[in-house]
Amino acid sequence: MHAWPASEVPALPGKGRDLQIHDTATQGTITLAPGPVARIYVCGITPYDATHIGHAATYNAFDLVQRVWLDTKRQVIYVQNVTDVDDPLLERALRDNQDWTELAERETALFREDMTALRMLPPQHYIGAVEAIPGIVPLVERLRDAGAAYELDGDTYFSVEADPHFGGVSNLDAEAMRLLSAERGGDPERPGKKNPLDPMLWMAARPGEPSWDGGSLGRGRPGWHIECVAIALDHLGMGFDIQGGGSDLAFPHHEMGASHAQALTGEFPMAKAYVHAGMVALHGEKMSKSKGNLVFVSALRRAGVDPAAIRLALLSHHYRADWEWTDEVLAEAVARLERWRAAVSRPDGIPADALVEEVREALANDLDAPAALAAVDRWVELQNATDGDDESAPGLVSRTVDALLGVAL
Ligand code: 5CA
Ligand code: ZN
């Protein structure tokens, strides 16, 4: 699948420092020091509805990761999937009496537009679940042949006992895992499973649903976790730097994915850091397609909101915090954008070399975007209050804000 166009990332003087990031698995902050090539996998959308602010906030966090790495003069290999066949997508298509492939294509196209407008850097590999199926089938067969998977009435399940590290990503107790499994696509109540938590790897064809050739598995469609593992291993291999997504993916999705990959390869860990963004809420509840309490990026754009203001609104919250989208959050971002633009539109100003380092430092410190905004705010205030004569300063500030925060002034 094609991704979306990349906005240019200006090169800044000097170079950023290595990223320190909170890792869900070890429950602490670790310093990532990749070689010349940094590798990241970020879970993509299930395209049955438009991109909402919650999605955008999560992709914003991982866009910052890319920008920090690029500023350390590394190359980044960024992989993202599109879950273009899954239960919620098929259910929505059925409900609205539309073709599921058309629904997926339409919403993916809108996602690309939203990402472009928000200046999110595109992945190098943007892969749909459907196009990944030929790579998924042999992985499931290998797991089964190694005794890490078993058949139940035609469906194939992964045995969580096959990975000695199972549980190490989310660090939850058994009861919490069972509850979340039931809530998030699992089927802990199904009789006949070896462990109630075992997730499906391959679902045998159901009447009226799309299915594909599964070789020795029979016709069917892939489970959710193996989709991301197949795509990640294909393009990144084991031991990549970051597996990313919202905090609702820590269990079961990333837990199961890590176990699939570790059982397949015998290597540990799948990713050096498991990084999770907080949940954005609207009216006191997590913004979610299933609840319908959504603010769409495309609707804001249609209403004339500058995408740079949306981006500043996202950046004004730390990526790990849960936060609430309100009109005030947006209004503050609109006002900040105006102040910043006025400050950099002057022909000269006060030196900004220290600001570049402050923004770098803030982001390298677990992507502290609010601290980065505060640093720019301070420069802007001083710039508006003082008569500086550094002709390079306004340009340097624009380039810094563009390169490190993805905001075009
Ligand atoms: N296709 C799968 C991942 S393989 C999926 O979870 N799709 S999604 O469309 O439901 O979510 C896409 C990304 O947005 C995920 O990382 C998810 O954690 C994140 N996300 C969903 N809702 C919110 C929210 N309210 N706040 C922050 N992030 C969210
Ligand atoms: Zn995923």
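Each reported figure results from applying straightforward, stated rules to the coordinates on display, with no laboratory input. Remember, predicted model here, so these are calculated numbers, not experimental data. Methodologically, a virtual Cβ is constructed for each residue, glycine included, from the backbone with ideal geometry; neighbour enumeration extends over all protein chains shown.
Here are some notes:
- Loop chymotrypsin sites (Phe, Trp or Tyr not before Pro), region 304-409 (other Cβ atoms within 10 Å of the site Cβ: 11 or fewer; DSSP): none
- Helix content alone sets the calculated 222 nm mean residue ellipticity of the chain: runs of n ≥ 4 DSSP H residues at -39500 (n - 2.57) each, divided across all residues, give -13500 deg cm²/dmol.
- Free of any GluC sites (Glu not before Pro) that DSSP assigns to a loop and that have at most 13 other C-beta atoms within 10 Å, the longest stretch within the chain is 9-188.
- For the pair residue 213 and residue 31 in one chain, pulling the backbone fully straight at 0.36 nm per residue adds 61.2 nm over the alpha carbon distance.
- Based on alpha-carbon atoms, the Kirkwood radius and the radius of gyration of region 19-297 give Rg/Rh equal to 0.94.
- Residue 7 versus residue 377: modelled label distance in nm, points set 7 Å from Cα along the beta carbon direction: 2.1
- In terms of Cα atoms, the Rg and Dmax of region 255-361 work out to 19.7, 60 Å.
- At most 14 other Cβ within 10 Å, DSSP loop - trypsin sites (Lys or Arg not before Pro), region 125-217: 184, 194
- Straight-line reach from residue 194: taking Cα to Cα under 16 Å and skipping same-chain neighbours fewer than 8 places apart, the aspartates and glutamates in range are 151, 153, 155, 161, 163.
- Options 34, 354, 364, ranked by Cα towards positive dipole end of the chain, top entry (Cβ charges): 34
- Whole-Å distance, taken between Cα centres, linking region 351-405 and region 1-58: 21
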